Structures are given as structure tokens and as C-alpha cells.
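Student: Have a look at the structure that comes next, please.
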Amino acid sequence: MRLLFVADPFEGLDPGHDSTVAMIEAAQSHRHEVWGCTASDVGIGAEGAEASVRQLRVEPAKLDESGRWVVNDHWLDMDAPVLRPLSDFAIVSMRTDPPVDTAYLRATYLLDHVDPTRTVVVNRPSGLRNANEKLYAFHHHDLMPESLVSADRARITEFVNRIGVTVGKPTDGMAGRGILLLRPDDANLASIIELMTDRGRTQIVVQAFIPEVDNGDRRVIVIDGEAVGSVARLATGTDFRCNMAAGANTRADAIDDDVERIVESLSPTLLRDGLWFVGLDVIGGYLSEINVTSPTGIREVHALTGTDVADRYITFLEDLHPRETTVFDD
């Protein structure tokens, strides 16, 4: 198959960590033709959706004895860009990192023009638009810790005073940015809420703090409605955030009954919305977030548990293409 990855500039990716690079390596090992572009390269021409694309070749990273990914300095080769209709590709993987801003949303609108009888976009563009990574989980409120979304400063203050220690999050954040602990006895609580809500004009998410976070915030990779790998992320030093981008450590994790219960409940919604590759954040048996834009963790799962999630993803794409495109044969 001919595969296209829409991502941030490839030369700037970290090949020892980035999940998109792991996917490209797996696609190569399956002998697929791999191409890449950025979201700004996508447009619409006479033949529908098109992009200025480059064929990619990567030198696979290797695990050393310490479990660290080792990469060559010259790990990436890219051909000169050529303009091609996206219908030339069996699968387009949308892997551009947040923020989900105007440019990101515009790219999803452009990808709506891909011919669905020939090409599958993963994740589905409409699903990417509809699944805000902080708010989408509220469709399954029963799986979450006690939570609130509001811009009302008095409402938020009452929630914090009633619950105790809580976590405040911007609705459009990523990589742990802007996440703060809210404590009833903090003399700065009113100021923090005022800043986070822009004086009551912007909604934020407030969730009960889960003490089990000391055992790790779990990143669970879900492919086609099935949990296929998990890694625990543990905060370091005095920073309570467990995001890898914030410097959290990782350790091996197994898919247990809590994960199976959460994924079983979520799967019908995810599959309905064309969200085939998803990263769940799970803490102490509770669902915290559903990450759909460019979930990471593939390298860490592979290194710590031996599960090759990237290979599972490519095998899934090989099955997805005939499954999805034949729907439109009539």
C-alpha cells in the first residue's frame, strides 16, 4: 500500500521517542511505500484533496541493552516534494500535534475532501474536530473522577471547597501545559481561578485529584476499539504532572480489568466517530482524558513491555482499508 503521514516537519521529530516515526518504521518493514507532508501542504485541486508530498525512508531505531532507543544521526531521507492527489494513497494518517487551532481545523476540513471510496483518513477528520481531548470523555461521565466544566468562578470555588484538592485544566491544552493544582486552603485560589478562566470568560475543566496518581498516570493505546498496550508515567521532583513532555518517568504497565472495563464502555463511541487510534489517560481506575490527535507512547510501550504497537497499527491499517472503502461500493 501507499501510505501518507501528515505530521509536523519530519526533520524536527525525535526518532527515539516519536510515535509517528515508529509507525513509519513499521510501515517500511511491511514493505509499504511511505510518504509524508505537513498540514500546510494539503489543499484542494481539480482532482479533489491534494498535497505536496515527499517519499520518506527512515533508518530504524534499535533498542540497546538498557532499553533505550538508539538512532543514527542520519536517520531520515526525503525525496523532493511532488504534488499528488490524496486519492493516490490507501491511508492518510493525520498525526499533526495539537494545539487544535484554526490551522489544525482547516486541515481537517481539507481532508474531508479525500475520496472515501479509495482512501481512509485515520483518525476521521470529523472525529478529530468533534473529540476535544479534554471534553470528549464527558460523554462517559460515569468513567471519570468527579469533574466540572465551567467559567463561573463561584461555581468552581464551591466545587474545590466541596471536593478538596482538585486539578484545573484548560480545555485546549496539551503536554501538561496550564494544568494546576487547586487547593481550598490556598490563599491564591481566587487569583488562580480568575487567571485560568480569564475573569470568568473561559471554561476550564476541574477534576477531583486522584491520590493513586502516585502509582502513575497510565497511557493506554487503543487500536480499533481494543487496548493493545499501556505504560505508566510517574511525576518527578516537585512537579505533580505525569506528562512525558513535562519530564515524567515511565515504567512498564499491564492492561488490567480497569482498563478493559473502560475500553469496553468507550469502544462503541470511538468506532462510531472513526477514532481508530486513541491514547487514553487512566488514573486509579478512572478515565482522565481521551487523546485523539497524535497520541504518543508507542516507543515507551515497546521498550518497557515488548509490545510492538507500531506493528499492530500497520497491520490494522492493512485490514481497515478494504473494510472501510468497500462500504461505499454501491
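Derivation of every value follows stated rules applied to the coordinates shown; laboratory data play no part. Remember, predicted model here, so these are calculated numbers, not experimental data. Neighbour counts are summed over all protein chains in view; Cβ atoms, including those assigned to glycine, are modelled from backbone coordinates with ideal geometry.
Student: Which angle from 0 to 90°, rounded to the nearest 10, does the C-alpha axis of helix 309-325 make with the longest principal axis of the chain?
Tutor: On a 0 to 90 degree scale, this one is about 70.
Student: With a/c under 1.5 counting as rounded, go ahead and sort the range 253-330 into rounded, prolate or oblate using the C-alpha gyration tensor (a ≥ b ≥ c being the square roots of the eigenvalues; past the cut-off, prolate if a/b is larger than b/c, else oblate). Present the calculation step by step, with values, prior to reporting the outcome.
Tutor: On the way: a/c = 2.34, a/b = 1.43, b/c = 1.64.
Taking the square roots of the gyration eigenvalues as a ≥ b ≥ c, the range 253-330 is oblate.
Student: A further question follows. Which percent of Cα-Cα pairs in the range 213-307 sits in each 10 Å bin, short to long?
Tutor: 18, 52, 27, 3, 0
Student: Something else about it: What is the helix-to-structure angle for 102-111, meaning the angle in degrees between its Cα long axis and the longest Cα principal axis of the chain, kept from 0 to 90 and rounded to the nearest 10?
Tutor: Result, in degrees: 40.
Student: Specify, per residue and in Å³, the volume enclosed by the convex hull of the alpha carbon atoms belonging to the range 146-209. Walk me through the numbers on the way to the answer.
Tutor: Working: hull volume 4.5 nm³, N = 64.
It comes to 70 Å³ per residue, whole-number rounded.
Student: If you fit an axis through the alpha-carbon atoms of helix 153-163 and take the longest principal axis of the Cα set of the chain, what angle between them do you get, 0 to 90°, nearest 10?
Tutor: Taking Cα atoms only, the helix is inclined about 80 degrees.
Student: For Cα extents along the principal axes in Å, pick the label among (1) 61, 55, 40; (2) 59, 49, 35; (3) 56, 41, 36 that corresponds to the value derived from the coordinates.
Tutor: Recomputing Cα extents along the principal axes in Å here gives the entry labelled (2).
Student: I'd like the distance between the alpha-carbon centres of the range 138-175 and the range 261-330, rounded to an integer number of Å.
Tutor: Comparing the Cα centres of the range 138-175 and the range 261-330, I get a distance of 26 Å.
Student: Something else: How big is the Kirkwood radius of the range 1-74, worked out from every pair of different alpha carbons and given in Å to one decimal?
Tutor: On the way: mean 1/r = 0.0741 Å⁻¹.
Computed over Cα pairs of the range 1-74, the Kirkwood hydrodynamic radius comes out at 13.5 Å.
Student: In vacuo Debye scattering of the range 29-169, one point per C-alpha: log10 I(q)/I(0) at q = 0.11, 0.12 Å⁻¹?
Tutor: For the range 29-169, the Cα-only Debye profile gives -0.66, -0.73.
Student: What residue among Val292, Val53, Val82 has the largest mean-square fluctuation in a Gaussian network model of the chain, using Cα springs under 10 Å?
Tutor: Comparing Val292, Val53, Val82 in the GNM, the peak value goes to Val82.
Student: With +1 assigned to the C-beta of every Lys and Arg and -1 to the C-beta of every Asp and Glu, and no other charges, what is the dipole magnitude of the chain about the Cα centre in debye, to the nearest 20?
Tutor: Values: 31 positive and 53 negative charges, 143 e Å.
Result for the chain is approximately 680 debye, rounded to the nearest 20.
Student: Taking every DSSP beta bridge that has both residues in the chain, what percent is antiparallel when rounded to the nearest 5?
Tutor: DSSP beta bridges in the chain are roughly 80 percent antiparallel.
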